[in-house]
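One structure below.
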Amino acid sequence: MAKKSIILNNALKLFTVFGYDNTGVQKIADISGITKPTLYHYFGSKDGLLYELIKINVEDFLKELYKSCEYNFDVRTTLEKVVFCFFKFAKEKPDFCKFFLNSEFSPNESDVRICSFFFRKNMFEYVKSIFEKAENDHGNMKGRSQRYTISFLGTINSYISMNYSELIELDDHCVKEVVRQYLYGIFS
């Protein structure tokens, strides 16, 4: 494994356990078997390492999410694709996903919040586009796309959190139940 990957993997482990602010560059360097100047050579700064860590873990997910959000006049199927995409990501990258979910609760001016904002904003906009397009097919949805997006993403993140607490399994049945329950609130 390349040094850069080793550093990123070790940083993620430390950030997940101790938090970003409580993890010093020296600790990352020590566990990675490198010097601090080597870390700075690869990433420029601790913030640079953080941004790279988020970028490499979220970039492919965002591409897949973008495709999943393609609306073909079937809200249920589109939302199921989105939930499946999030659940797949949560299962494939559990440590990163926990870290990323926690970033939403970081103070607004924190490095973690700032570095993750662009990626979280894209996720939000992709999902919001589904509800905006569906407004034309479902009159009761008009003008509510932002609120639907907030509650839908909140529901997905809650299920992912419950999975990490080992209270539920993120399987195909769960995907269908999440969407069924969510749509019941919209169309009832």
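The values are calculated or read from the model by the stated rules, or taken from the named source; none is laboratory data. Everything quoted here is computed from the prediction, not taken from an experiment. Backbone-built Cβ (ideal geometry, glycine too); neighbour counts: all protein chains shown. Heads up: the accessible areas ignore ligands, DNA and RNA and are worked out on the full protein's heavy atoms, side chains in. Shrake-Rupley method; radii C 1.70, N 1.55, O 1.52, S 1.80 Å.
What is the spin-label model distance, in nm, from Phe124 to Arg147 if the labels are put 7 Å beyond Cα along the C-beta direction?
1.7 nm
Ignoring ligands, DNA and RNA, what accessible area per residue does the chain give at 1.4 Å, in Å²? Don't skip to the end; give the middle numbers.
Working: 10210 Å² over 188 residues.
Using a 1.4 Å probe on heavy atoms only, each residue of the chain averages 54 Å².
Quick one: what Rg and Dmax do you get for the chain from the alpha carbons, in Å?
According to the Cα coordinates of the chain, Rg and Dmax are 18.5, 60 Å.
For Cα pairs less than 8 Å apart in space and 6+ apart in sequence, what is the mean separation divided by the residue count of the chain, i.e. the relative contact order in percent? Could the numbers behind the result be given before it?
On the way: 155 pairs, mean separation 38.3, N = 188.
Reported as a whole number, the value is 20 percent.
Residue by residue through segment 48-60, what is 3J(HN,Hα) from phi via Karplus (6.51 cos²θ - 1.76 cosθ + 1.60, θ = phi - 60°)? Round to whole Hz and write x for glycine and proline.
Using θ = phi - 60°, the values come out as x, 5, 4, 4, 4, 4, 5, 4, 5, 8, 9, 3, 5 Hz.
If I stretch the segment between Glu177 and Glu70 completely, what's the gain in nm (0.36 nm per residue apart, minus their alpha carbon distance), one decimal?
Details: separation 107, 0.36 × 107 = 38.52 nm, distance 2.07 nm.
Full-extension gain reported as 36.5 nm.
Calculated FRET efficiency, Lys3 and Asp47, Cβ-Cβ r, R0 22 Å, to nearest 0.05? It would help to have the intermediate numbers written out before the result.
On the way: r = 19 Å, r/R0 = 0.87.
Plugging the Cβ-Cβ distance into 1/(1 + (r/R0)^6) gives 0.70.
Just read off the accessible area of Ile168 with the full protein assembly in place, 1.4 Å probe, to the nearest 10 Å².
Surface open to solvent at Ile168 totals about 50 Å².
Shape of segment 56-124 from its Cα gyration tensor (a ≥ b ≥ c, root eigenvalues): rounded if a/c is under 1.5, otherwise prolate when a/b > b/c, or oblate? The partial results should precede the final answer.
Details: a/c = 2.42, a/b = 1.81, b/c = 1.34.
Verdict is prolate for segment 56-124.
Once every Cα of segment 1-73 carries one equal point scatterer and solvent is ignored, give the base-10 log of I(q)/I(0) from the Debye formula at q = 0.11, 0.25, 0.28 Å⁻¹, two decimals.
Calculated log10 I(q)/I(0) at the listed q: -0.33, -1.11, -1.32.
What is the gain in length, in nm to one decimal, between Phe117 and Leu167 on full extension, counting 0.36 nm per residue of separation less the C-alpha to C-alpha distance? Don't jump to the answer; show the numbers that get you there.
Numbers: separation 50, 0.36 × 50 = 18.00 nm, distance 2.88 nm.
15.1 nm is the gain from fully extending Phe117 to Leu167.
Using the Karplus equation 6.51 cos²θ - 1.76 cosθ + 1.60 (θ = phi - 60°), what ³J(HN,Hα) coupling, rounded to whole Hz, does each residue of segment 20-37 give in order, writing x for Gly and Pro?
5, 5, 8, 10, x, 4, 4, 5, 5, 4, 4, 5, 8, x, 10, 9, 4, x
Carbon and sulfur together cover what percent of the accessible area of the chain at a 1.4 Å probe radius? Write down the numbers at each step before the final one.
On the way: 5310 of 10210 Å².
The C+S portion of the solvent-accessible surface of the chain is 52 percent.
At 10 °C and 1.306 mPa s, what whole-number value in µm²/s does Stokes-Einstein give for the translational diffusion of segment 40-84, with Rh from the Kirkwood sum over Cα pairs?
The diffusion coefficient I find is 128 µm²/s.
Which chymotrypsin sites (Phe, Trp or Tyr not before Pro) in segment 104-188 pass both tests, a DSSP loop state and at most 13 other beta-carbon atoms within 10 Å? List each step's numbers first, then the result.
On the way: sites: Phe105, Phe117, Phe118, Phe119, Phe124, Tyr126, Phe131, Tyr148, Phe152, Tyr159, Tyr164, Tyr182, Tyr184, Phe187; in loops: Phe105.
Here the sparse-neighbourhood loop sites are Phe105.
Which of rounded, prolate or oblate describes segment 78-188 when judged by the alpha-carbon gyration tensor and an a/c cut-off of 1.5?
Details: a/c = 2.25, a/b = 1.26, b/c = 1.79.
Verdict is oblate for segment 78-188.
Are there any GluC sites (Glu not before Pro) in segment 1-106 that are in a DSSP loop and have at most 16 other Cβ atoms within 10 Å? List them by number. Please report the intermediate quantities before stating the final value.
Working: sites: Glu52, Glu59, Glu64, Glu70, Glu80, Glu92, Glu104; in loops: Glu70, Glu104.
Sites meeting the loop and neighbour criteria: Glu70, Glu104.
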